[in-house]
Amino acid sequence: MTVKKGDKVKIEYAGMLDDGTVFDESKTHGKPLEFEVGIGQVIKGLDEAIVGMNLNEEKKIRIESASAYGPIRAEMVQKVPIDQMPKGQEIKVGMVLAMTLQTGQQMPVRVAAVSETEITMDMNHPLAGKDLTFVVTVVAIN
């Protein structure tokens, strides 16, 4: 059986950065990743690379940043006056904070810089601008 668009698949995977650092893997979640192929439930490069794989096939997939989490976008880095931050919380570079959007949805943002008057918030995905490698095994096709 071969994976095609519209199939529901389960995959075991490990995702790595260029330096070999594993940033995510299915075994840490205790179960395979399940998704419908071709509808954008996973990053584009992975969605496309799964098509044509066979049940129990393992494949190493290299995904350029444009087909993963995209480039780092300068407009996603914004400065916020420090007096708009919650009182009593020490804000440090590298912290991840929850930002509430106008829609009410919360979005994680990373603190990129802190000065006496403002905080620089980076809303880019942590993997934006990075090329990724996945080792994937298809464990179910429905």
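Summary of values
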{"read-out": "Qualifying positions in segment 125-135 - of a type outside the set (Phe, Trp, Tyr) and either under 18 Å from TYR13 (Cβ atoms) or at pLDDT below 95 (or both)", "value": "HIS125, PRO126, LEU127, LYS130, ASP131, LEU132, THR133, VAL135"}
{"read-out": "Residue, surrounded by the fewest Cβ atoms within 10 Å (Cβ to Cβ), within segment 1-30, restricted to residues that are under 17 Å from PHE134 (Cβ atoms) and charged (D, E, K, R)", "value": "ASP19"}
{"read-out": "Count - residues of segment 56-70 that are among the hydrophobic types (A, V, I, L, M, F, W, C) and either part of a helix (DSSP H, G or I) or exposed (fewer than 14 other Cβ atoms within 10 Å of the Cβ) (or both)", "value": "1"}
{"read-out": "Tally, over segment 99-142, of residues that are over 22 Å from LEU33 (Cα atoms) and either surrounded by 15 or more Cβ atoms within 10 Å (Cβ to Cβ) or among the charged types (D, E, K, R) (or both)", "value": "14"}
{"read-out": "Checklist (1) outside the structural domain of TYR13 (by TED's automatic domain parsing); (2) of a type in the set (A, V, I, L, M, F, W, C); (3) part of a strand (DSSP E or B) applied to ILE91, failing item", "value": "(3)"}
{"read-out": "Every residue from segment 36-52 that is more than 14 Å from the chain's Cα centre (by Cα), buried (at least 18 other Cβ atoms within 10 Å of the Cβ) and not in a loop (DSSP other than H, G, I, E, B)", "value": "ALA49, ILE50"}
{"read-out": "Filtered residues of segment 83-124 (kept if closer than 30 Å to ILE11 by Cα, in contact with a helix residue (DSSP H, G or I) (Cβ under 9 Å, 6 or more places away or on another chain) and not hydrophobic (A, V, I, L, M, F, W, C))", "value": "ASN124"}
{"read-out": "Tabulated pairs, segment 32-43, first at pLDDT 95 or above, second part of a loop (DSSP other than H, G, I, E, B) and hydroxyl-bearing (Ser, Thr, Tyr), C-beta under 7 angstrom, 6+ apart or interchain", "value": "ILE43/TYR69"}
{"read-out": "Residues that are of a type outside the set (Lys, Arg) and outside any strand (DSSP E or B), drawn from segment 8-35", "value": "LEU17, ASP18, ASP19, GLY20, THR21, SER26, THR28, HIS29, GLY30, PRO32"}
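The values are calculated or read from the model by the stated rules, or taken from the named source; none is laboratory data. Note that this is a predicted model, so its numbers are computed, not measured. All Cβ positions, even for glycine, are placed from backbone atoms using ideal geometry, and neighbour counts span all protein chains on display.
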